[in-house]
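First the structure, in the form of C-alpha cells, and then the observations on it.
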C-alpha cells in the first residue's frame, strides 16, 4: 500500500480493548483520491468489514475534517479522519487464540490448512471466537498486518478440507487475482442423495434467496456459478462425486446439487430425504450430522516463485466411516 508522509499506520488490535474508547486517527492517502469514504476506510482498516464501517459512519462515530460525513462522500487525499470504534464482540474478535491447526504446507508466502468440520473460518454473528482467523493470528502473528489475516477464500463451518492463506499482502493480491481468473483448482468430494449415472455440469447463477436471506438460491439476479461433477462411486441410495469449482459462490455446491435433485447427505439447509433404498441405509444417511462435503484437492500457482503447486488430503474420519458402512450395505444388498 502506498502511503503519504502523514498516514498513520493502522493500530494493532491487541492494543485496543473494551475499556478504552480509543480514537483512531488517520489521514487519507493521496492515491485514494476519488474513492468513496467507506471504500477508503475499508482499505485503511482491513480488520473491520465495510458494513461495519458504514454503520460507524451512520452512527457519527467517524469524523472527517472535524465534521460528520456520509458513506458515499468522496475523498481526495490528506483528509483528517477520526474513528471511534465501538468495541463490541465483533471488533474484539480479532484476537489470537491458541487453537491447533492441521497445517499441510507452509513457507514464507503461504499456509495450506486442512480445516476440520465444525470450525468457522471468519468471526461472524454467533461465532466471534474459536475461528480459523483467531488460530491464524496465534500461529503467525504477522498476519495481523494482512487484511482478514490472509484469508482469501472460505469453507462453510461444517465443510472440511483444504484452504489456503496468504502470509503477505503481495501473496494475497496474487491469490485473489488467481481466484478472479478462475485458475485456482478446487476439487471436493461430495456424497449426495440418489444414484447419479453420468458426469455433468451445473451452470446456474447463485445469489441470496429472495425470501430466506440466510440461504442462497439459483436466481436470475445471482452471480455466474459453474460446478462440474464426476461420478466416482455409486452406492445404495447415494453417490460419491468429485465436484470441481469453476467459480466459488457461497454454498455453490450445496445449492447446485439441490437444484439437480441430488442434495448433499446431511445438509441441514438444502438437504432432502433418501428415496428408493433400504431402511438401514436411510438411517445412516439421515443420521449423518453435517453436509457430506470435503475440500479434497487444491491447486494454484505459487505467488512468489511461479511454481504450480498441488495438495490433497484424505477424507476425515466421520465421512470415511460413513462411506465404509454404506459400501458394506451396498454389497449386502447387491
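Please go through the range 29-58 and give me each residue that is outside any helix (DSSP H, G or I) and either without any contact (Cβ under 8 Å) to a residue 24 or more places away in the chain or surrounded by 15 or more Cβ atoms within 10 Å (Cβ to Cβ) (or both), ordered by number.
Listed by number, the residues that qualify are 29, 35, 36, 45, 46, 47, 48, 49.
For the range 120-138, enumerate the residues that are buried (at least 19 other Cβ atoms within 10 Å of the Cβ) and more than 11 Å from the chain's Cα centre (by Cα).
Taking the range 120-138 and keeping what is buried (at least 19 other Cβ atoms within 10 Å of the Cβ), we get 120-121, 123, 131-137.
Matches in the range 120-138: 131, 134, 135, 136, 137.
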*All positions within the range 189-204 that are under 17 Å from residue 270 (Cα atoms), touching a strand residue (DSSP E or B) at 6+ places or on another chain (Cβ under 6 Å) and part of a loop (DSSP other than H, G, I, E, B)*: 204
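In this structure, does residue 171 turn out to be in contact with a helix residue (DSSP H, G or I) (Cβ under 9 Å, 6 or more places away or on another chain) and in a helix (DSSP H, G or I)? Give the derivation first.
On the way: in contact with a helix residue (DSSP H, G or I) (Cβ under 9 Å, 6 or more places away or on another chain): yes; in a helix (DSSP H, G or I): yes.
When the stated conditions are applied, residue 171 passes them.
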_For the range 81-104: of the residues being surrounded by 14 or more Cβ atoms within 10 Å (Cβ to Cβ) and not in a loop (DSSP other than H, G, I, E, B), which is modelled with the lowest pLDDT?_
91
*Output yes when any residue across the range 152-167 is over 24 Å from residue 255 (Cβ atoms), in the same structural domain as residue 108 (by TED's automatic domain parsing), surrounded by fewer than 19 Cβ atoms within 10 Å (Cβ to Cβ) and over 16 Å from the mean Cα position of the chain (by Cα), and no when none is.*
no
_Checking residue 229 against (1) closer than 22 Å to residue 196 by Cβ; (2) without any contact (Cβ under 8 Å) to a residue 12 or more places away in the chain: exactly one of these is not met. Which one?_
(2)
_Filter result for the condition that a residue is closer than 29 Å to residue 153 by Cβ and out of contact with any helix residue (DSSP H, G or I) (no Cβ under 9 Å at 6 or more places or on another chain), over 122, 139_ = 139
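The values are calculated or read from the model by the stated rules, or taken from the named source; none is laboratory data. Bear in mind the structure is a predicted one, so any value in this text is a computation, not a measurement. All Cβ positions, glycine included, derive from the backbone under ideal geometry; neighbour counts span all protein chains shown.
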